[in-house]
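**Q** Below you'll find the structure I mean.
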Amino acid sequence: MTSNPVDWAAATEAVRQSNRIMVVTHVKPDGDAIGSLLGLTLALREQGKTVDAAVDGGTPAFLKYLSGSDTILAHLGQGDWDVMVSVDASDEERTGEVGAYGRAHSPLVVNLDHHPTNTRFGTVHLVVPEAVSACEIVYDWLIEMGHPFSLPVATALLTGMVTDTIAFRTNNVTPRTMAVTQDLMLHGASLYEIIDRTLGSKPLSHLELWKLSFPSIEFDRGLVWATITLESLNKVGLDDMTDGGLVSLLVSIEEARISAVFKEQPDNKVEISFRSKNGYDVGSVAFGLGGGGHRQASGVTVSGSLAEVQQRVLPLLRVLITAPSTP
Ligand code: AMP
Ligand code: MN
Ligand code: MN
């Protein structure tokens, strides 16, 4: 079965006819991943469904304030479901081991996502690139279903609205974003608490990582990049978790057009995060390398040493700076 990019009726029908539902999201989950996963999971549980939610490694510490986050599974070893819903993941690989397990044990997959690079995997599609977050799509779906917003669901959904827009600072924010936000606040979600917990606080280990990584920062004609070595990650006791937003700090430099952070991984791999000013489509660069994301925020994991990967990727960014796309 194929479907339209947005097939609310088929998606609603799929969950209505299901008793056992699996919800998964992307590996190394951010606020939108966990927010949309939990918002949908809790709402479907409120409808009397048996819902399992899973993401490789479980809920990151900074998102454990969300109710229901303690029910998110870090591994899957058993179970069968009538449908699996994937949220905030642009391709199947991004859903990690739990996604592979869930797919193999569910006859139907609903692909709910807002990445322009979404590969349209799955059976039923709720793919809305204009949405600022996957949480916004879950919000629309619950309205479509006529499901009322409880406080835990509103809080989960507002979390993704806040984190994916960096507190409403990205260029895709519209009056509609604020209307959805207002509605979630009217259902009791605390904007202050969500901002404070997600964007307003970082563990000390991020500061320590920044201290070690700042000397690596280079700037060249609008391009600013930093390198994070495995040695630094090990020294501060972080494995391959978030770097605390270093790449966003770098792109905020007035002279910067594009920023990149190259993070060394075990097994001769490098994880890259890209950010850009309006008009520079780093989503397509990431997609071309096998990753994905948005025009102004994207990422990919590439094989090779730090030096090899930089030698391959930096020229692509230089080309983009000299020939920007139309915004
Ligand atoms: P990050 O730099 O990790 O915050 O990611 C920025 C954006 O790029 C997010 O929308 C991610 O979902 C997306 N992204 C990061 N890494 C990948 C990847 N390996 N494949 C696809 N999308 C990615
Ligand atoms: Mn995400
Ligand atoms: Mn998202």
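**Q** Quick one: which residue in Ser248, Ser259, Ser284 is small (Gly, Ala, Ser), within 16 Å of ligand 3 (Cβ to nearest atom) and not assigned by TED's automatic domain parsing to the domain that holds Glu93?
**A** Ser248
**Q** Can I ask one more? Please go through the stretch 19-32 and pick out each residue that is under 19 Å from Glu193 (Cβ atoms) and within 9 Å of ligand 1 (Cβ to nearest atom).
**A** Listed by number, the residues that qualify are Asp30, Asp32.
Listed here are the residues, each with its yes/no results for (1) at pLDDT below 95; (2) away from ligand 2 (no atom under 16 Å from the Cβ); (3) surrounded by fewer than 17 Cβ atoms within 10 Å (Cβ to Cβ); (4) within 23 Å of Pro203 (Cα to Cα).
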site	(1), (2), (3), (4)
Leu238	yes, yes, no, yes
Ile258	no, yes, no, no
Phe262	no, yes, no, yes
Ser273	no, no, no, yes
Val282	no, no, no, no
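**Q** Restricting attention to the stretch 317-327, which residues are open to solvent by 10 Å² or more (accessible area, probe 1.4 Å) and touching a residue at least 24 places away in the same chain (Cβ under 8 Å)?
**A** If the condition is that a residue be open to solvent by 10 Å² or more (accessible area, probe 1.4 Å) and touching a residue at least 24 places away in the same chain (Cβ under 8 Å), then Arg318, Leu320, Ile321, Pro324, Ser325, Thr326, Pro327 are the ones that fit.
**Q** Another question about this same structure. Do we find a residue being polar (S, T, N, Q), without any contact (Cβ under 8 Å) to a residue 24 or more places away in the chain and surrounded by fewer than 16 Cβ atoms within 10 Å (Cβ to Cβ) anywhere in the stretch 241-252?
**A** Yes, the stretch 241-252 contains a residue that is polar (S, T, N, Q), without any contact (Cβ under 8 Å) to a residue 24 or more places away in the chain and surrounded by fewer than 16 Cβ atoms within 10 Å (Cβ to Cβ).
**Q** Any chance the stretch 305-316 includes a residue that's within 29 Å of Asn172 (Cβ to Cβ), of a type in the set (S, T, N, Q) and free of Cβ contacts under 8 Å to residues at least 40 places away in the same chain?
**A** No, the stretch 305-316 contains no residue that is within 29 Å of Asn172 (Cβ to Cβ), of a type in the set (S, T, N, Q) and free of Cβ contacts under 8 Å to residues at least 40 places away in the same chain.
**Q** Here is a list: Gly222, Gly299, Gly237, Gly279. Which entry is more than 16 Å from ligand 1 (Cβ to nearest atom) and either of a type in the set (Lys, Arg) or under 19 Å from Trp210 (Cβ atoms) (or both)?
**A** Going through Gly222, Gly299, Gly237, Gly279 in turn, just one is more than 16 Å from ligand 1 (Cβ to nearest atom) and either of a type in the set (Lys, Arg) or under 19 Å from Trp210 (Cβ atoms) (or both): Gly237.
**Q** Answer yes or no: is there a residue in the stretch 57-74 that is at pLDDT 95 or above, within 16 Å of ligand 2 (Cβ to nearest atom) and farther than 27 Å from Ser205 by Cβ.
**A** no
**Q** From the list Gly188, Gly237, pick out the single residue that is more than 19 Å from the chain's Cα centre (by Cα) and not assigned by TED's automatic domain parsing to the domain that holds Phe149.
**A** Gly237
**Q** Can you tell me which residues in the stretch 50-77 are of a type in the set (D, E, K, R) and under 17 Å from the mean Cα position of the chain (by Cα)?
**A** Asp56, Lys64 - these are the residues of the stretch 50-77 that are of a type in the set (D, E, K, R) and under 17 Å from the mean Cα position of the chain (by Cα).
**Q** Within the stretch 189-267, considering only helices (runs of 4 or more DSSP H) that don't extend past its boundaries, which have at least 3 residues that are within 17 Å of Val282 (Cα to Cα) and of a type outside the set (S, T, N, Q)?
**A** Result: 246-251.
**Q** If you take just the helices (runs of 4 or more DSSP H) that sit entirely in the stretch 89-168, which of them hold at least 1 residues that are outside the structural domain of Ala297 (by TED's automatic domain parsing) and more than 26 Å from Leu76 (Cα to Cα)?
**A** Where helices (runs of 4 or more DSSP H) fall fully within the stretch 89-168 and carry at least 1 residues being outside the structural domain of Ala297 (by TED's automatic domain parsing) and more than 26 Å from Leu76 (Cα to Cα), they are 134-145, 151-164.
**Q** Here's a follow-up. Tell me yes or no: at least one residue of the stretch 133-154 is over 17 Å from Leu42 (Cα atoms), within 12 Å of ligand 3 (Cβ to nearest atom) and out of contact with any Cys (no Cβ under 9 Å at 6 or more places or on another chain).
**A** Yes, some residue in the stretch 133-154 is over 17 Å from Leu42 (Cα atoms), within 12 Å of ligand 3 (Cβ to nearest atom) and out of contact with any Cys (no Cβ under 9 Å at 6 or more places or on another chain).
**Q** Then there's this: Working carefully through the options Gly292, Gly304, find the one that is away from ligand 3 (no atom under 15 Å from the Cβ) and farther than 18 Å from Val224 by Cα.
**A** Gly304
**Q** Another question about this same structure. When you scan the stretch 97-117, do you find a residue that is charged (D, E, K, R), within 16 Å of ligand 3 (Cβ to nearest atom), under 26 Å from Val173 (Cβ atoms) and open to solvent by 10 Å² or more (accessible area, probe 1.4 Å), even just one?
**A** No: zero hits.
**Q** Now for a separate question. Taking into account only those residues within the stretch 209-231 that are touching a residue at least 60 places away in the same chain (Cβ under 8 Å) and either buried (at least 16 other Cβ atoms within 10 Å of the Cβ) or among the basic types (Lys, Arg) (or both), which is nearest to Ser248 (Cα to Cα)?
**A** Here the residue is Trp225.
**Q** Look at Thr177 and say whether it is within 16 Å of ligand 1 (Cβ to nearest atom), under 28 Å from Ser276 (Cα atoms) and either not charged (D, E, K, R) or not assigned by TED's automatic domain parsing to the domain that holds Leu230 (or both).
**A** In short, no.
The values are calculated or read from the model by the stated rules, or taken from the named source; none is laboratory data. Predicted model only: the values in this text are computed from it and were never measured. Because the Cβ atoms are built from the backbone with ideal geometry, glycine has one as well, and the counts that use them run over all protein chains shown. Heads up: the accessible areas ignore ligands, DNA and RNA and are worked out on the full protein's heavy atoms, side chains in. Shrake-Rupley method; radii C 1.70, N 1.55, O 1.52, S 1.80 Å.
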